[in-house]
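Worksheet for the structure shown next.
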Amino acid sequence: MNIDEIKEILPHRPPFLFVDEVVEISDTRIVAKKHVRTDECFFAGHFPKEPIMPGVLMVEALAQTGGVMLLRKNKGAIPLFLGIDRTRFKKTVRPGDTLIMEVEILQKRGDVVRISGVARVDDEVVCQAVIMAGIKK
């Protein structure tokens, strides 16, 4: 799935769209990529001489990845963050890195889901989190 197809599903737009392509997808699992460019707007202030992707944006990228999986059959819906648990940041992410994000559903009740996400760069875990999300139709 390319960026244009992702934009048909997610309401997010640059500079706040953190999913560039989907590698694989099912009803319960998704793998996607975010190519971290040197010109990302957040690097101007985080940090000018030592650019590092903010951890909260890695979690957002995982949540958006889950959003693609959840909303592909609910186009026009809005994904809502409801909670974040067990979040860990293991390594820094820098310009030129590619985040590989794997997200799977842990539990689903109506329009509320708990998903588990892991982001990697070069096979090393950089971020992991359990996210609770809802779908506003």
Residues that are at pLDDT 95 or above, touching a Cys at 6+ places or on another chain (Cβ under 9 Å), surrounded by 14 or more Cβ atoms within 10 Å (Cβ to Cβ) and not in a loop (DSSP other than H, G, I, E, B): does the stretch 20-38 have at least one?
no
Unique match (being free of Cβ contacts under 8 Å to residues at least 40 places away in the same chain and touching a strand residue (DSSP E or B) at 6+ places or on another chain (Cβ under 9 Å)) among Glu50, Glu24, Glu60
Glu24
Kindly indicate whether any position in the stretch 128-136 is at pLDDT below 95 and surrounded by 13 or more Cβ atoms within 10 Å (Cβ to Cβ).
yes
Every residue in the stretch 1-19 that is part of a loop (DSSP other than H, G, I, E, B) and either loosely packed, with under 14 Cβ neighbours inside 10 Å or under 14 Å from the mean Cα position of the chain (by Cα) (or both), please.
Asn2, Leu10, Pro11, His12, Arg13, Pro14, Pro15, Phe16, Leu17, Phe18, Val19
So, of the residues in the stretch 90-116 that are in contact (Cβ under 8 Å) with a residue 40 or more places away in the chain and farther than 17 Å from Met53 by Cα, which turns out to be surrounded by the most Cβ atoms within 10 Å (Cβ to Cβ)?
Val103
Condition set within 14 Å of the chain's Cα centre (by Cα) and hydrophobic (A, V, I, L, M, F, W, C), scope the stretch 65-88, selection farthest from Ile135 (Cα to Cα): answer is Ile84
Considering Leu57, Leu80, Leu99, which residue is farther than 20 Å from Arg120 by Cβ, aliphatic (A, V, I, L, M) and not in a loop (DSSP other than H, G, I, E, B)?
Leu80
Please specify each residue of the stretch 107-135 satisfying the condition of being of a type in the set (A, V, I, L, M, F, W, C), over 15 Å from Val19 (Cβ atoms) and touching a Ser or Thr at 6+ places or on another chain (Cβ under 9 Å).
Val121, Val126, Ala129, Val130
Sole residue being under 17 Å from the mean Cα position of the chain (by Cα), under 11 Å from Phe18 (Cβ atoms) and charged (D, E, K, R), chosen from Glu104, Glu60:
Glu60
Please identify the pairs in which a residue from the stretch 66-79 that is touching a residue at least 60 places away in the same chain (Cβ under 8 Å) and within 15 Å of Val103 (Cα to Cα) has its Cβ atom under 9 Å from the Cβ atom of a residue that is part of a loop (DSSP other than H, G, I, E, B) and among the β-branched types (Val, Ile, Thr), counting only partners at least 6 apart or on another chain.
Gly67/Val19; Val68/Val19
Candidate set: the stretch 39-50, residues that are surrounded by 10 or more Cβ atoms within 10 Å (Cβ to Cβ) and not aromatic (Phe, Trp, Tyr); chosen: the one nearest to Val121 (Cα to Cα)
Glu40
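The values are calculated or read from the model by the stated rules, or taken from the named source; none is laboratory data. Note that this is a predicted model, so its numbers are computed, not measured. In this analysis, Cβ positions are derived from the backbone assuming ideal geometry, glycine residues included, and neighbour counts consider all displayed protein chains.
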